[in-house]
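For reference, the structure discussed in these notes is given below.
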């Protein structure tokens, strides 16, 4: 009998010696819920998520009709700065279903359904972008230009970590509502909370008017929502006992793979979101400095419009439109010097004045 220790082979307990990253430990310790959904509950969820192959074309037709209609609503709502119309577009949009279906397919270890869900998501994404471009070319070219973007479009070109948090919460809510039928009345609220079609519509509008960099920002918002929903929905459905007992081991393995890939993509998305969020916070603080200095520079001035941007290389850009009742206009270089002293940067200042003159008279 050979003594393994003497032969140089030391027997080790792998559970005690394998070191995992925090993410690896989290995924390794992930276990399905002890609660199991009944077969009827599981069939109900599957019927809501997966299309019947024998009825595929009618389902596809309805899906694309809803995508086009929701994109039309979103396009006109974005161009008109109408929140109510945009909310209507969110309610009509059908993209949430194939995204949740992709998460469920990973849990069920069903590659065919997963590929089908991914294909539907991709087709819906392309359709929404093309529809946004088309409606802009036909009806919105004179309404929306790169120089005068409505605030509802601009708000979707600069996603932040707050948008990531909303997407994660919406994915958790969507998975919970799907696996708990008594909570189905909350589904419209989930649809409103997460932005899917409006960002894609904004991508189409922005590409059509030549604002490609802003279009990529809007697409980043959509992609952030997509990944966050898949990741959080996998967790909720796994913990809700959605995976049948006969494929629990295989489903858990696929769930870990799906969670790991989604987490990596989410981290990759979070990097630019974090950078942009930090930039937004810095610009907001800089704008507050500018506001304070304007009050000192001209106590009679009121800021009508302010754009403050801290740029790389120690440069700061400030654009101001102010209304003032002062008869003698204050020189702009004094304001630029005051702002520069506060932020220790070279300041490029562009000020436009609106002189407000008041006069009163009484006859006789």
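Just wondering, is there one or more residues in segment 167-178 that are assigned by TED's automatic domain parsing to the domain that holds residue 209 and without any contact (Cβ under 8 Å) to a residue 12 or more places away in the chain? First the steps, then the outcome.
From segment 167-178, those assigned by TED's automatic domain parsing to the domain that holds residue 209 are 167-178; that's our starting set.
Next, from what is left, pick out any that are without any contact (Cβ under 8 Å) to a residue 12 or more places away in the chain: none.
No.
Please enumerate the residues belonging to segment 94-127 that are under 20 Å from the mean Cα position of the chain (by Cα), surrounded by fewer than 22 Cβ atoms within 10 Å (Cβ to Cβ) and modelled with pLDDT of 90 or more.
118, 121, 122, 123, 125, 126, 127
Please work out which one of (1) on the phi > 0 side of the Ramachandran plot; (2) at pLDDT 85 or above is the condition residue 220 fails and give its number.
(1)
Kindly establish whether residue 130 is surrounded by fewer than 20 Cβ atoms within 10 Å (Cβ to Cβ), modelled with pLDDT under 85 and either in the same structural domain as residue 214 (by TED's automatic domain parsing) or farther than 27 Å from residue 283 by Cα (or both).
Values: surrounded by fewer than 20 Cβ atoms within 10 Å (Cβ to Cβ): yes; modelled with pLDDT under 85: no; either in the same structural domain as residue 214 (by TED's automatic domain parsing) or farther than 27 Å from residue 283 by Cα (or both): yes.
Answer is no for this residue.
Mind listing whichever residues of segment 93-113 are part of a loop (DSSP other than H, G, I, E, B) and free of Cβ contacts under 8 Å to residues at least 40 places away in the same chain? Explain how you work it out, then say what you get.
Of the residues in segment 93-113, the ones part of a loop (DSSP other than H, G, I, E, B) are 93-95, 109-110.
Selection gives 94, 110.
Restricting attention to segment 38-92, report how many residues are outside any helix (DSSP H, G or I), under 27 Å from the mean Cα position of the chain (by Cα) and more than 18 Å from residue 121 (Cβ to Cβ).
3
Evaluate segment 228-251: report whether one residue or more is at pLDDT below 80 and within 18 Å of the chain's Cα centre (by Cα).
So far as segment 228-251 goes, no, none of its residues is at pLDDT below 80 and within 18 Å of the chain's Cα centre (by Cα).
The values are calculated or read from the model by the stated rules, or taken from the named source; none is laboratory data. Computed from a prediction, not measured in an experiment: that's the story for all the values here. Reconstructed Cβ throughout: ideal geometry from the backbone, glycine too, with neighbour counts over all protein chains shown.
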